[in-house]
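Have a look at the structure below, then the notes.
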Amino acid sequence: MEVSLTRKGKYELVIEKHDRMLVEAPIYTSDKITLEPDSVAQLKNAASLPSVFRAFGMPDIHVGYGVPIGSVVATKDIVIPAAVGYDINCGMRVITTPLKADRKEAVRIAESIRRDIPLGEGKRNVGFREDDFRIVVEKGVKGLRQVHHREGRIWDVRDENDENDDIQKIEEYGSMDGDCNAVSQRAAERGRNQLATLGGGNHFIEVQEVQKVLDTEIASRFGLWQGQLVVMIHSGSRGFGHQVAGDYMAKARHASLDRAPSKDLCFLDVGTEAAADYIGAMHCAANFGFVNRQLMGVLVRHDLRALYGDMPLPIIYDVAHNIVKLEEHFGQQVWVHRKGATRAFPKSRMAGTIFADVGQPVLIPGSMGTASYVLLGTEESAKTLNSVNHGAGRTMSRTKAAGVVGRRGKVKRTGAVSDEEFEKSMEGIHLICEDRFAIKEEAPQAYKDIDEVIHVVAEVGLAKIVARMVPLAVLKG
């Protein structure tokens, strides 16, 4: 469905309020960025939800389930499971090192990580007994110190000093108020043994070089310097979060199908038991995502120290990019749904944290084989409810990019990205992947230009660029 757009500035297009829309819907983009008509139509539907307060599209906007990925939707009286999505608290973490980047050493590091962190879908690693799993998903990273049964190597290499420092640098301190009673038995079964696993899809671990520092003062504050080796982790709540999302999307359809703008955009009314249960269960899934990245961070640190000796390995930040939270904006309490979008708080909103003097670090990865960025939240981001995009954004579906390959490797449909094009795009980067037949789904050619996306973010004033990193080694599912 075609939706007309009005240009309001060089980097802003607007879906003017019409039909059932209750608010207009700006999209921040440029003429160089592909904009799918279907994603625009999905944003229009989001702006038509009951009690909608604001709706925005980010430079990485592309089609998702119900609402586009790369969007922010704020509401007053409803919560929308589809506006958070299936991978609750998919998010980013960057670990800094005192090491100078080196391609050969990046390969050693990546191969070491590979032995400790399972890649791909359906994998298991650190398991918890039922009572301990409940503690972890209800209390997040802070719950790790309350676990009773500490079996496995992870507990031998976990460092509470690292953990205490990390907690100060995680969104919501890595711990939200979860309610395990609102989580289905099936979700708990899927999650209990999946912590410290990467997953598939667009999730990755990258050994990166800080190629360029654009703000020396802020970079130094974050522990970054040009030529440095850092490790970026991108993963979420795995099968646990997927099940929680699916369970509550079904409940939302039952509750509001007759009132929703589309069958994929159903919602739960705040004040009902179903909405309260979703928030409690979603918080559990968010905690799973924080703990998952925390435990992978434990293993990455162990591998680095085993190779190079004891050394400080602080994180810059750990931030979610699929979540809904109650926040105050423009004097009102609203439910801010960020789907494929990330929080970018300025220093005025970081009071009481270690970033009160500067503002929140913002972590935006590119596609596999391209650059990633560290940015800083700005006061100007108030216009997007202090939010920015979460990545580059797809330009083609996974099937279109990779084609269709049978179980035995027989090509059933040729993809848009040839083997030669893929290999050229990954030249000089050490690639470790679990599924060599599916890896082209994540080819750089399937994504928008991250440099142009970040250019829009900076020009609009949503965040300030601090540093640009490039991958030396990539681990994928």
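Read the figures in this text as sums done on the coordinates, not as results from a lab. Here the structure is a predicted model, which is why all the values come from computation and not from measurement. Cβ sites come from the backbone with ideal geometry, for glycine too, and all protein chains shown count toward neighbours.
Quick notes on this one:
- Each Cα pair of the chain feeds into the Kirkwood radius, which the Stokes-Einstein equation turns, at 25 °C and 0.890 mPa s, into a diffusion coefficient of 110 µm²/s.
- On the basis of the beta-carbon distance and an R0 of 35 Å, LYS8 and ASN161 show a calculated FRET efficiency of 0.10.
- Taking other C-beta atoms within 10 Å as the exposure proxy, LYS10, LYS325 rank LYS10, LYS325 from fewest upward.
- Relative contact order of the chain, pairs being alpha-carbon contacts under 8 Å that are 6 or more residues apart, as %: 22 percent
- For the range 1-150: rounded, prolate or oblate by the Cα gyration tensor [a/c cutoff 1.5]: oblate
- Considering only ALA382, PRO361, MET396, the residue lying farthest towards the positive end of the dipole of the chain is MET396, judged by Cα position with unit charges set on Cβ.
- Dipole magnitude for the range 124-180: computed about the Cα centre from +1 point charges on Lys and Arg Cβ and -1 point charges on Asp and Glu Cβ, it is near 240 debye.
- Net charge of neighbours whose Cβ lies under 14 Å from the Cβ of ARG7, counting Lys and Arg as +1 and Asp and Glu as -1: -2
- Helical runs (DSSP H, four residues minimum) scored at -39500 (n - 2.57) apiece and divided by the length of the chain put the mean residue ellipticity at 222 nm at -9000 deg cm²/dmol.
- Cα centroid separation, the range 129-185 to the range 266-307 (Å): 10 Å
- Cα-centre dipole for the range 99-225 with unit charges at Cβ (Lys and Arg positive, Asp and Glu negative), debye to 20: 520 debye
- Cα-based radius of gyration of the range 39-123 once divided by 2.2 N^0.38 Å, which approximates compact folds: 1.62
- The residue list ALA41, VAL73, ILE61 was ranked by how far each Cα lies along the charge dipole of the range 1-133 toward its positive end, using unit charges on Cβ atoms, and ILE61 comes out on top.
- Since only PHE345, SER235, ALA219 are under comparison, the one whose Cα sits farthest along the positive direction of the charge dipole of the chain, derived from C-beta charges on Lys, Arg, Asp and Glu, is SER235.
- Sparsely packed trypsin sites (Lys or Arg not before Pro) within the range 126-208, loop by DSSP, other Cβ within 10 Å at most 15: ARG129, ARG150, ARG153
- Unit Cα scatterers, Debye sum, the range 280-439: log10 I(q)/I(0) for q = 0.09, 0.10, 0.13, 0.14 Å⁻¹: -0.46, -0.56, -0.89, -0.99
- When each of LYS10/LYS32; LYS440/LYS476; LYS142/LYS339; LYS76/LYS347; LYS100/LYS476 is checked by Cα-Cα distance, pairs over 18 Å: LYS142/LYS339; LYS76/LYS347; LYS100/LYS476
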